[in-house]
Structures are given as C-alpha cells and as structure tokens.
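Dropping the structure in here first, questions after.
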Amino acid sequence: MSPESLAALVALASEPLGLAEAELLQRLGAAGVTDPAKALEGLVGPGYASRERPHWVLTASGHEALRDAHRALEQRYDVSPSTPGMETCPSIPWLTQVQTHWVEAVSLNYAVDPERLARLLPTPLEPELHRGTAWVQVLMSSLRDMRPQGVAPLLGVCFYQASYRAAVRYRDARGEWRRGGYFVRSETNDPVMRRVGNALDEFRFHAFGEAQMVMAREGELLTLAVDPDAAFPGGRLVGVFDTRPRTEPPPGSVWTGLDDLHEPLVECYDALGVSGEYVYVLTIDREPWNARFASPVELYCEYLEEGPLAPGARLDSVLHLTECAYRWRPLRRERFTP
C-alpha cells in the first residue's frame, strides 16, 4: 500500500459515518498528498473503501488493512522485536511490568579488556566490541515512583540503584546477532527492591546486592557514593561530577561526540539474562536519554579499578542524564543451543 493510500485510510477511519468526497480530497491535500484522487483509487481496487454518494466510507477490509499497517509500523520501529520461537515467560506479571522515572543518573563509560569481560559472561553471551574494545557502563540513578503499571504514583517506591551494564550480544534462533546489556553487578539501597530483583529466578544473573547510597547536588556539582553491604564486597563507589552540560567528549575519549556514542552505548533497550537453556530478554520502553558529557572532579570505582576487570579498565567518558520515564515489557525468552 502506498503512503498516500494509507493516509486516505487514516482519514476515513477517523470518520465512522464517512466523508464527502470534496472534504476528503481537501484533507488529503492538506496532509501533503500530491494526488488525492489517485490515493482514493488505490483503496477501491482491493475493496478497502466504497463510494456511497455523496460519501466515501471505509469497509471492513479497510479497517483490517489499517490494523495490519499499524502492526507493520510497530514491528518496523520496534527497538526489540520478537523473533520466531521467542515466548513470553510465566513470571509473575507485576514483577516484569513496572514503570518509573529516572530523576537523575550518571553513566560512567569504561573501556575494558574483552577477554576479562568474557570470563564474566554466561554462554551464549559475548562482549560486543566498539572501537576495538569491550564496554561496561556503571549506571548510578535516582528512581522515583517505581510501581506496577496502572498503579498510582503515590504507591510507588523511590530509591537509588547502581548497575554495571556490559555491552553484549548473542546469536538468536535465526542465527542473527541480538545486542543488549548484561548486568555483571547491581546494588540498591532499598531492601524491598532488592528482594523483588532477586525474586526473578528465571532472569537471575547475579545476586542483587544492598548498599548505603546517596546522590546529592550542590549547584552544578553532583556527589554520589555507594557503600555496599559486607555480604557484597567490591562495589565501593565515590564520585564528584561537574554536570555543566558539554557536547564535546573529554580528551582521550575514543568517541568524537554524543552522536558517535549514541548507538553503541545509549541505544540499548534489552537487559539479557541466561538460565538453563534459555536467554531471557527484558525490554525497557523509555523516553530518549537527555544525555550530556560531564566531568569527573573526583572518582573511585572499586569494581573497575580493583575488581575482575582490572587491570586494563579505562574510564573513557561520563554522561549526565536528567528526567526520563520508562517501563518494562513482559519478560521474554528464547532457547539457545549450547
């Protein structure tokens, strides 16, 4: 179906009782259709519309064609389409269908040794390389009103979270590469959210830790700190950042600008987990990250400086992120061949 005929379908669908031909042609012209009469002819042949003088009306086939077109557009622009063989998991629905807001967040972008990262990944995941190296982002965020979808914000939970997201990929059931993030470590300051995170047995990739955490602002300076519980050592994090927005990367960064790193490090919507013979995919639908480069004034990240990815981990850049709403889709999975 041509874009012009699709525009005619939409125009007719908005008027259940039909439209007079003159008004319909006028609407199509105002919408930028160069040949409105030809657009209507494109609907008559397949039976999508009929002319019942003095009106044009959409037929049942036309309504179905419009729904098909809508589904095709959704699939075309879906950041994480399902593939043949992928199925929705039987998890408790509210555990994987929540919504929240990032009030503020910082992304510490570390270039790491691919072989060291590969040791932390379960089969079939492998590091996704950009600029010849692997990447781990330490995402420290302040989350507001996390709650099951449909529940009032007043009943939501506000908390801090630190996640260590590795850029990874695997071959899906069709043999094509599917990319996402794998969390090699995570902490929160909320014991309830920690228990919820660890309740997803199907999606478990590590024990979700608990820590004392803070994010505090004084003018343009943002201070954050993570002091993990003794049961989860190795995740101390202390940083002070100048958040005056910058569009240029710091000296020594492998990226030329925000657009350059956008697809590799920002356009990541799938969190991946592995259990048994399945890869699990948890997709986040979110608003665009309003990201700008920030400058570290002081920074100590124990996991990257002294943990399993050291030596060799190098801080490439820091992103400061402001308000962003997001929600989780239902958890999906697909079988893989070890």
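Just so you know, all these numbers are worked out from the coordinates, no wet-lab data involved. In this text, all values refer to a predicted model and were calculated from it rather than measured experimentally. All Cβ positions, glycine included, derive from the backbone under ideal geometry; neighbour counts span all protein chains shown.
Using packing as a proxy for protection, rank 147-155, 40-48, 6-14 so that the peptide with the highest average count of other Cβ atoms within 10 Å comes first.
The densest-packed peptide leads the list: 6-14, 40-48, 147-155.
Now for a different question. Please work out the C-alpha center-to-center distance from region 250-317 to region 135-151 and express it in whole Å.
15
Do you know the relative contact order of region 125-202, to the nearest whole percent, from alpha carbon pairs under 8 angstrom that are 6+ apart?
This gives 27 percent for region 125-202.
How many angstrom separate the Cα center of region 154-174 from the Cα center of region 1-33?
43
Tell me the Kirkwood hydrodynamic radius of region 24-147 in angstroms, computed as one over the mean inverse distance between distinct C-alpha pairs.
20.8
Helix-derived [θ] at 222 nm for the chain: sum -39500 (n - 2.57) over DSSP H runs of at least 4, divide by residue count, nearest 500?
Computed mean residue ellipticity for the chain: -6000 deg cm²/dmol.
Between R185 and residues 5 or more places away or on another chain, which pairs have amide H atoms under 5 Å apart, with H built 1.01 Å from N, and which residues are they?
Y164
Once you charge only the Cβ atoms, +1 for Lys and Arg and -1 for Asp and Glu, what is the size of the charge dipole of the chain about its Cα centre, to the nearest 20 debye?
Its charge dipole is roughly 500 debye.
Next up: Work out the charge dipole of the chain with +1 on the Cβ of Lys and Arg and -1 on the Cβ of Asp and Glu about the Cα centre, then indicate which of V196, Y303, A111 is farthest towards its positive end.
Of the options given, the answer is V196.
Relative to the Cα centre, what is the charge dipole magnitude of region 68-210, using +1 at the beta carbon of each Lys and Arg, -1 at the beta carbon of each Asp and Glu, and rounding to the nearest 20 debye?
180
Please compute the contact order of the chain in relative form: average sequence separation of alpha-carbon pairs under 8 Å and at least six residues apart, divided by the residue count, as a percent.
That works out to 18 percent.
Averaged over all directions, how much area does the convex hull of the C-alpha atoms of region 3-77 cover when projected, in nm²?
4.8
Please go through region 218-314 and write out the GluC sites (Glu not before Pro) that DSSP classes as loop and that have at most 13 other C-beta atoms within 10 Å.
E220, E267, E277
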